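The values are calculated or read from the model by the stated rules, or taken from the named source; none is laboratory data. These figures come from a predicted structure and were not determined experimentally. Counting neighbours? That spans all protein chains shown, and the Cβs are built from the backbone with ideal geometry, glycine included. Areas reflect the complete protein model, heavy atoms only, side chains present, ligands, DNA and RNA absent. Shrake-Rupley method; radii C 1.70, N 1.55, O 1.52, S 1.80 Å.
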Amino acid sequence: EVASIKGMGEAKVAQIKAAFELGRRLFGTHNEKGAVFATGHDVYAYYHPLFKSLKKEVFHCAMLDVKNRVLKECRISEGTLTNSLIHPREAFRDAIKESAASIIFVHNHPSGDPSPSREDVLITERLVDVGEIVGIKVIDHVIIGDDGYTSMFEKGYIEK
């Protein structure tokens, strides 16, 4: 779209894209010690700035220590406008390497509606089951929309 403006060549468009990316990274910078997640709202407040402008569904994993402080984060998958393909093997790979005590999964709904789909409920159940097998507790799976979120734990899909 920017390239269609008169006088905007490839170099200028690249500079503008770089400026937007820099701004996204600066405003998305997180506490270096690692955020502590006590509620679904904490997860929403942390990830919403990073997810709000995405046009595709992305699925992330926050690996936590025993005090629910983020050790590491990773993007597990990037999907389409309406869904993201998740396989438990990829979902737990980095958490196992990092010796995470627990994890929180988080993904966005580009539609803006954070209501869980049937697939969201099923993958949450599957990930919780796998977590029990590998010894890494799934604390929550948070779905982020434009102006809100759904916590699968708060909705009762994940037991304490």
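Assorted remarks:
- Local electrostatic count at V130 - Lys and Arg +1, Asp and Glu -1, tallied over other residues with Cβ under 13 Å: 0
- Charge context of I76, other residues only, Cβ under 12 angstrom, K/R +1, D/E -1: -2
- Separation of alpha-carbon centers, the stretch 88-160 and the stretch 43-68, rounded to whole Å: 11
- The chain: angle of helix 40-51 to the longest principal axis, Cα-based, in degrees nearest 10: 30
- If the segment from L71 to D113 were pulled out straight at 0.36 nm per residue, it would be longer than the present Cα-Cα gap by 12.2 nm.
- Bridge type composition, the chain - antiparallel percent by DSSP, nearest 5: 70
- Cβ-derived FRET efficiency at R0 22 Å, K55 paired with K17, nearest 0.05: 0.90
- Taking every DSSP bridge with both residues inside the stretch 74-153, close to 30 percent are antiparallel.
- Against the chain, whose longest principal axis comes from its Cα atoms, helix 10-27 is set at around 40 degrees.
- By the rule of a C-alpha distance below 22 Å, with chain neighbours fewer than 8 residues away ignored, the lysines paired with K137 are K33, K67, K72, K97, K155, K160.
- The angle between the Cα long axis of helix 118-134 and the main principal axis of the chain comes to about 60°, on a 0 to 90 degree scale.
- For the chain, the per residue solvent-accessible surface stands at 62 Å², with DNA, RNA and ligands left out and a 1.4 Å probe.
- Segment V36-E159, extension gain: residue separation times 0.36 nm, minus the distance between their alpha carbons: 42.3 nm
- Whole-percent carbon and sulfur share, accessible surface of the stretch 42-160, 1.4 Å: 50
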